[in-house]
Each structure stands twice: as C-alpha cells, then as structure tokens.
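The values are calculated or read from the model by the stated rules, or taken from the named source; none is laboratory data. The model shown is predicted, which means the values in this text are computed figures rather than measured ones. Reconstructed Cβ throughout: ideal geometry from the backbone, glycine too, with neighbour counts over all protein chains shown.
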Amino acid sequence: MDRTRRSLLIAAGGTLLRAGLAGADGLFAASSINHLALTVPDVAKAGEFYARVLGTRVISDMGERGQMRGLRRNYLALFKGDRPGLNHFSPGVDGLDEPGAGAVLSRHGYEPFERAPGIWAVLDPDGIQNHLSETMRRQDEVDEAYKRDPAPESILRGVDVNHVALRVSDLGRSVEWYQALMGLHVVRRSASSAFLGLGGNFLALFAGRRAGTADHFCFSVEEYDPQSVRDKLAMHGIESTQRENRTYFKDLNGLTVQVSEEGHQP
C-alpha cells in the first residue's frame, strides 16, 4: 500500500477515536470470525490439504480461481495467487446490512471498496484487508455441506477458525483502529502483543517485522489433546511443535497453522 493511502487510513482511525467510537462503542459491533481467506498458488492442492488435515467441506467451488471450505461454525476461503499468505480477514457483525456498510464507512472517514457487489472491505493501518460480513454469511451452505458429508475421513476434525494473529507495525495504533471500527475489547495486552475479543473467537496482534502479514491462524478441533494431535500429524508426515498446550505446523505453502481446543481463548 502506498504511503498516502496508509496515512489516510491512519487518519480515519484517529477521526473515529476522537469521535468517541473506541472500545465497546465501535462503528460496528463485531462478535465472531466469519471467515479467513488465504492466497495460494494451487487452489485444488490447498483445498485437499485442509480437507485431509481438518475435514473441511467444499461449500463453493470456483475452479482454479478459488474455493470456500466449510468448518462447523465458519469457513476457510482459498484464492489463487502467486504469493501464499493472508488474503483477508472477515469479522462477523450480527445483522449487518452488507450493501449499506460502504456508505456507513464512507461517512465516518474510511475508504471502503467492494470486494464483490454489495460486499465491502477496508484496509487496516498496515494494509491488511478486513471484509465486513454478516455473522451468519454462508452458514446455510456450511450446514448443508455437513448434512451431505457428516464425517469425512481426516486427521483432525476442525470446528472453526478460532483466531487470526496479525503482524503490525504499531501495536497501539492497530488496537485503537480495531476498537474504533469493530468495537473489540482488549482481553490481554503486553508491550509487544494484544488480544482482542471477538465473541467465541479473537484477534491477536503482534508488533514486529513483516507488518501487514499473518503471524499464524488457528483452527479449533474436536477432542483436542496436544500429544494425540502431534502423533496423528506425524503418522501422516506432518511435523509439528508444541508451545504450552498449543500445536503448530506448516501447511503445504509454508504458512503457520495452529490448532487448539474448542473455545480456546488467550
């Protein structure tokens, strides 16, 4: 993102804060993660990986261009691109008027853009794309996919995208921006990290290098036990590490994946 655009976005966040929209009184009241979207070089192979490891179900297939894969409570989107990484992060807002969200964002100093007709997104101070979604977006498609295939064979049984961890250049600025836009509250904070509540999910922010990228993303899995999970992954040739009670491994594109118990919170 160019310097001028970034400055405008930062200024927009500041305008909202001065207007008293920080914390629980944000412009929108986000209460969940609706979906996580990744850019991958080969959509089919990435889809097969997440099906094999987590049991994700296809809810929308656009061929080589992209694929939506359902978990029980939200979903993972995969879009074709040369450089693997975070495509966008989508907070869920109860009862959101998606077509009307762009006008609301514009009135409050943001620069929204349409990802698709009537679906609006904004860039955070580090250029990370936030796609505002109604909480239940695609849930009917996810439910239908589970009815068609209630118990697919997979190494683990994924439940949802539990949290997304982003790398940011200025922790305080990013915390304020996400509070002002989404009404997120700080669950825990240190000099280098902050954890923001999103209902049963959360958003993690880490200050440091490579700002504007994902540090990792986490999926909740059924019957989580760290040693059992690591043993199962090893049986299928996937190396993993453990930190406290959390398990980490790399997907086939080198992106860091974490798995944890259902309802995991910081």
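Condition check ((1) touching a residue at least 60 places away in the same chain (Cβ under 8 Å); (2) assigned by TED's automatic domain parsing to the domain that holds GLN129; (3) in a strand (DSSP E or B); (4) more than 16 Å from the chain's Cα centre (by Cα)) across all residues:
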position: SER220; (1), (2), (3), (4): yes, no, yes, no
position: GLY237; (1), (2), (3), (4): no, no, no, yes
position: TYR248; (1), (2), (3), (4): no, no, yes, yes
position: LEU252; (1), (2), (3), (4): yes, no, no, yes
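Here is a yes/no grid of residues against (1) at pLDDT 95 or above; (2) in the same structural domain as ASP126 (by TED's automatic domain parsing); (3) under 17 Å from HIS131 (Cα atoms):
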residue: GLU153; (1), (2), (3): no, no, no
residue: ALA165; (1), (2), (3): yes, no, yes
residue: GLY172; (1), (2), (3): yes, no, no
residue: VAL186; (1), (2), (3): yes, no, no
residue: ARG189; (1), (2), (3): yes, no, no
residue: SER193; (1), (2), (3): yes, no, no
residue: ASN201; (1), (2), (3): yes, no, yes
residue: LEU205; (1), (2), (3): yes, no, no
Residue among ARG148, ARG65, ARG167 that alone is surrounded by fewer than 22 Cβ atoms within 10 Å (Cβ to Cβ), among the basic types (Lys, Arg) and under 18 Å from the mean Cα position of the chain (by Cα): ARG167
Qualifying positions in the stretch 85-107 - in contact with a Ser or Thr (Cβ under 8 Å, 6 or more places away or on another chain) and surrounded by 18 or more Cβ atoms within 10 Å (Cβ to Cβ): LEU86, ASN87, SER90, PRO91, GLY92, VAL93, LEU96
Odd one out for THR213 among (1) of a type in the set (S, T, N, Q); (2) surrounded by 18 or more Cβ atoms within 10 Å (Cβ to Cβ); (3) under 27 Å from PHE49 (Cα atoms): (2)
Where a residue in the stretch 180-199 is surrounded by fewer than 13 Cβ atoms within 10 Å (Cβ to Cβ) and its partner, wherever it lies, is part of a loop (DSSP other than H, G, I, E, B), with Cβ under 9 Å and at least six apart: SER192/GLY208
